[in-house]
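S.K.: Submitted below is the structure of interest, expressed as structure tokens.
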Amino acid sequence: MMMFGIEQAGIAADKVEQAPLPPDRLWQIGFTPSYSSGNFGTNTTSTFFYAPLSVRRLFRDGDVTVIVPFVTATTDGRTTLVGGTAIRVDDSGGSNSGSGGGGGSEDDGGCSGKGSNVSGKDRVCGTTTRAPGQKVTTAGLGDIILRGRYYAVEETEYRPLIAVTGRIKVPTANEKLGLGTGALDYGVGVEMSKFIGDAWIVFLDGGYNIIGDPEGLELQNQHWYDLGAGYYVTRDLLASVYFEEYRAILPGFVNARDFFFAVNYIASAAWRFNGGVTVGVSNGAPDYLVSVGASHRF
């Protein structure tokens, strides 16, 4: 499972099939829209509607997926999407940022002063040119994501299934609209899963992302991990829960931590359905995220 909050809602759908089996259907098209809301460590609430169309090519020992998302964001510019995940990106941490507070000084609302030495004038919030507190709704193409997975070790009685993963985020989103950073990101990761008995399965995933720097902002790279467990209610219905943590990409800000609850169902050889709810447990995470989706193999 490759992390990244909103994007995670769709990726978790793959957890229902944890084996490098030769597929009789080599292509999969999926659509898993999600809605998230939270303050992400600021003093205002931001919301995101993330609607990704994915095209996946399956191989015997892995898969390659292209994700093309449409995004609607309502923010004041301090929060944007980084690889499909809503993250705070303004560059003024302030004295209270380490505890997940609003950040920034009292006179700038957490926005930088790159455009002016006078409080509240020509300030830039994140990658946008919005004034402090100016919440705007924008929509458009998000960042296109290419990800791949290779099953390096097959599961045995005493050994977990191990896969190595890679991803590239192409900066196709408009950063001035607050839909992305306008910078290239890429990362690698490892996925592990192991069946316990006939119905239980446990997961442990982790990775590292190289985060590109938008103009005027210095973002730090991001390590992440998740651990979870699932139960097969039936042969084709998996209910699972994960704890996830992602390093904040700005120094001094609290990491994003959340619990993710997912349900995946294989309806037939062609159709799969999934749903999920994320509940944030730190100021860096969304307060909540809800997703529902389907995929078709052919």
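The values are calculated or read from the model by the stated rules, or taken from the named source; none is laboratory data. This one's a predicted model, so the numbers in the text were calculated from it and none came from an experiment. Cβ: placed from backbone, ideal geometry, glycine included. Neighbour counts: every protein chain shown.
S.K.: How many residues, within the range 70-86, are crowded, with 24+ Cβ neighbours inside 10 Å and part of a strand (DSSP E or B)?
M.R.: The qualifying residues number 9.
S.K.: Please determine, by comparing only the residues of the range 147-170 that are assigned to a strand (DSSP E or B) and among the aromatic types (Phe, Trp, Tyr), which one is farthest from residue 52 (Cα to Cα).
M.R.: Restricting to residues being assigned to a strand (DSSP E or B) and among the aromatic types (Phe, Trp, Tyr), the top hit is 151.
S.K.: In addition: Quick check on the range 166-194: of everything there that is touching an Asp or Glu at 6+ places or on another chain (Cβ under 8 Å) and farther than 17 Å from residue 144 by Cβ, which residue is surrounded by the most Cβ atoms within 10 Å (Cβ to Cβ)?
M.R.: 191
S.K.: So, in the range 195-228, how many residues would count as being more than 19 Å from residue 81 (Cα to Cα) and surrounded by fewer than 14 Cβ atoms within 10 Å (Cβ to Cβ)?
M.R.: The qualifying residues number 5.
S.K.: Could I ask something else about it? Hey, among the residues in the range 39-56 that are modelled with pLDDT of 95 or more and not polar (S, T, N, Q), which one's nearest to residue 88 (Cα to Cα)?
M.R.: This residue is 48.
S.K.: Condition (residue is in a loop (DSSP other than H, G, I, E, B), among the hydrophobic types (A, V, I, L, M, F, W, C) and at pLDDT below 85) applied to the range 112-125: is it met by at least one residue?
M.R.: yes
S.K.: Residues of the range 50-65 being surrounded by fewer than 16 Cβ atoms within 10 Å (Cβ to Cβ) and assigned to a strand (DSSP E or B), which ones?
M.R.: Those that are surrounded by fewer than 16 Cβ atoms within 10 Å (Cβ to Cβ) and assigned to a strand (DSSP E or B): 53, 55, 57, 59, 64.
S.K.: What number of residues within the range 251-276 are in a strand (DSSP E or B) and touching a helix residue (DSSP H, G or I) at 6+ places or on another chain (Cβ under 9 Å)?
M.R.: 12
S.K.: Only one of (1) within 16 Å of residue 242 (Cα to Cα); (2) touching a helix residue (DSSP H, G or I) at 6+ places or on another chain (Cβ under 7 Å) fails for residue 182. Which number is that?
M.R.: Here residue 182 clears every test but (1).
S.K.: Additional query: Restricting the range 57-86 to residues that are among the β-branched types (Val, Ile, Thr) and at pLDDT 95 or above, which is farthest from residue 296 (Cα to Cα)? Show your work before the answer.
M.R.: Step one: filter the range 57-86 for residues among the β-branched types (Val, Ile, Thr), giving 64-68, 71-72, 74-75, 79-80, 82, 85.
Then drop every residue that is not at pLDDT 95 or above, which leaves 64-68, 71-72, 74.
Values: 64: 15, 65: 14, 66: 15, 67: 15, 68: 16, 71: 22, 72: 25, 74: 31 Å.
Residue satisfying both the conditions and the ranking: 74.
S.K.: Looking at 295, 291, which is the one that is touching a helix residue (DSSP H, G or I) at 6+ places or on another chain (Cβ under 6 Å), buried (at least 16 other Cβ atoms within 10 Å of the Cβ) and hydroxyl-bearing (Ser, Thr, Tyr)?
M.R.: Only one candidate qualifies: 291.
S.K.: If you scan the range 173-225, which residues turn out to be in contact (Cβ under 8 Å) with a residue 40 or more places away in the chain, polar (S, T, N, Q) and not in a strand (DSSP E or B)?
M.R.: 181
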